[in-house]
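These notes are about the structure you will find just below.
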Amino acid sequence: FMAKSRDREIYLQSGIRAVQTTPLISRSGRLLGMLSTHWRKPHEPTESDLRSMDVLARQAADLIDRSQVEEKLFFLNEILEQRVIERTELAEARAKKLQALAVELIEAEERERRQFAHLLHDDLQQMLAAARMQLQSAPNFTNEPLLK
């Protein structure tokens, strides 16, 4: 497959005469890369060499996969921390707004209570005065209490 390829020309120029490549595959089956061994002389690896390369490839794949998972976990943790900060700021802003609205509501209730009391006091005072005047102008009115 390498005959007349640019890779073959580069290998030969570099003094490489034999190459053995083992794919690095995660345990989930995802291709992570390749582990290549180069020799300066024509070489055919033994079964023992191939088994050793497979063990090294498995260890390398596990390390790469773990490193990628840790990197993703770190990245997701950063995103999560940023979201926690944003949501905390939002919750604090809403709490302040709610507190301001609660103060405003209490002040409005107090104003209404004072206004209501004032209206009741003034109107009731006038009504009582008017009732007294009507009673006084009525025939047979005495200034004595009705109940003894």
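Close amide H partners of R17, meaning residues 5 or more places away or on another chain with modelled amide H under 5 Å apart, are W39, R40, K41. Residues whose amide H lies under 5 Å from that of L32, counting only those 5 or more places away or on a different chain, are L24, I25, S26; hydrogens are built 1.01 Å from N in the peptide plane. Helix 47-137 and the long axis of the chain differ in direction by around 10°, with both axes built from C-alpha atoms.
Once the mean of 1/r is taken over each pair of separate Cα atoms and inverted, the chain shows a Kirkwood hydrodynamic radius of 25.5 Å. With θ taken as phi - 60° and the Karplus curve 6.51 cos²θ - 1.76 cosθ + 1.60 applied, the whole-hertz 3J(HN,Hα) list for the stretch 7-22 is 4, 4, 4, 5, 4, 5, 5, 7, x, 8, 10, 8, 9, 10, 10, 10 Hz, x standing for glycine and proline. For the stretch 67-137, the per residue solvent-accessible surface stands at 97 Å², with DNA, RNA and ligands left out and a 1.4 Å probe.
The values are calculated or read from the model by the stated rules, or taken from the named source; none is laboratory data. Every value quoted in this text rests on a predicted model; they were computed, and no experiment measured them. Side chains are part of the model used for accessible areas, which takes the heavy atoms of the whole protein and leaves out ligands, DNA and RNA. Shrake-Rupley method; radii C 1.70, N 1.55, O 1.52, S 1.80 Å.
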